[in-house]
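Below is one structure, written out as structure tokens; comments come after it.
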Amino acid sequence: MRKTLAEIRSMKAEGKKISMLTAYDSSMARLLSSCGVDVLLVGDSLGMVMLGYDSTVPVTMEEMLHHVKAVRRGAPDSFILGDMPFGANHTGERDAVKNGIRFLKEGGCDAVKLEGGLEMCGVVKALVTAGVPVMAHIGLTPQTASQLGGYKLQGKGLDDARRLLAEAKGLEEAGAFGLLLECIPDGLARVISESIAIPTVGIGAGVHCDGQVLVTHDLLGMFDKFTPKFVKKYADLSPIIKSSIQQYNTEVKNGGYPGPDHSFSSDSDYSHLLRD
């Protein structure tokens, strides 16, 4: 049964942790949904994981919608959160609302996620007013990582910590139903989580958040370019996948596959067809 927005928000007050994982295609979405994951995030991380980009910046609205639709088809009973790609909400409130509505109408999302702090409060308010639920995202924001000095821990100093706390409160006031905290000290994440009524979901933000999210390919050991410190690999599938493919390749070349168990036999004699 798909969770409602109200149910997700109430999980914080009830002390229930929110589980969130990324999904980019129908097959994986179906698996995640069958395991009871609360929220499926169609993240713009698909740009690096699925499309081969060097960052999330090149990802377009059309690419996001393509993957969102696939995830919705695979998980019709899951709460789906769509990531607003870079540029979709940076050119004004009108464009942000237009793109947010596309996520809901065309993609079948239940809500959208967008990166940014106080500068995005007006956009969040406009989206919510238009009927588009928003999860905000602060801390390390990959779309603007170059402005933050790269992919590194945020909020270490007191001034930065105060800024992030102010952003959290401002985004809550603007109407965000939840807040993703990425790569910040666990103590700061605890203060933020205790200072706002909306749930926080952490990625590299420690155990005190109201929920956690990981890139599924990281969790399963399927993305081997790099592994962030905060990732726990629950499986290491890359070597298994490579070994299986290498075995298939070898068997095809030496005639070992397909064998009798993988072929269709018949009592008919087709040899006369060669003489016809």
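The values are calculated or read from the model by the stated rules, or taken from the named source; none is laboratory data. This is a predicted model, so every value here is computed, not measured. Here Cβ is always computed from backbone atoms with ideal geometry, including for glycine, and neighbour counts include all displayed protein chains.
Which helices (runs of 4 or more DSSP H) sit wholly inside segment 45-133 and have at least 3 residues that are of a type in the set (Val, Ile, Thr) and either modelled with pLDDT of 95 or more or within 30 Å of residue 34 (Cβ to Cβ) (or both)?
121-129
Take the residues of segment 140-188 that are under 15 Å from residue 118 (Cβ atoms) and among the hydroxyl-bearing types (Ser, Thr, Tyr): which is modelled with the lowest pLDDT?
144
Could you say whether any residue in segment 109-118 is over 23 Å from residue 21 (Cβ atoms) and touching a residue at least 40 places away in the same chain (Cβ under 8 Å)?
yes
Which residue is surrounded by the most Cβ atoms within 10 Å (Cβ to Cβ), if the candidates are limited to segment 195-220 and must be of a type in the set (Val, Ile, Thr) and under 19 Å from residue 141 (Cβ atoms)?
201
What is the one condition in (1) closer than 23 Å to residue 57 by Cβ; (2) surrounded by fewer than 17 Cβ atoms within 10 Å (Cβ to Cβ); (3) touching a strand residue (DSSP E or B) at 6+ places or on another chain (Cβ under 9 Å) that residue 118 does not satisfy?
Here residue 118 meets the rest and fails (3).
Would you confirm, using the coordinates I've provided, whether residue 192 is hydrophobic (A, V, I, L, M, F, W, C) and surrounded by fewer than 22 Cβ atoms within 10 Å (Cβ to Cβ)?
no
So which residues in segment 72-92 are hydroxyl-bearing (Ser, Thr, Tyr) and under 19 Å from residue 214 (Cα atoms), if there are any at all?
Of everything in segment 72-92, just one residue is hydroxyl-bearing (Ser, Thr, Tyr) and under 19 Å from residue 214 (Cα atoms), namely 78.
Please find, within segment 226-274, the residue that is nearest to residue 213 (Cα to Cα) out of those that are charged (D, E, K, R) and not in a loop (DSSP other than H, G, I, E, B).
So the residue we want is 242.
If you check residue 137 against the conditions, is it touching a residue at least 40 places away in the same chain (Cβ under 8 Å), assigned to a strand (DSSP E or B) and crowded, with 19+ Cβ neighbours inside 10 Å?
yes
Cβ contacts < 8 Å: first residue more than 16 Å from residue 134 (Cα to Cα), restricted to segment 193-204; second residue in a loop (DSSP other than H, G, I, E, B) and among the basic types (Lys, Arg), any location; separation 6+ or different chain. Result?
Pairs found: 204/229.
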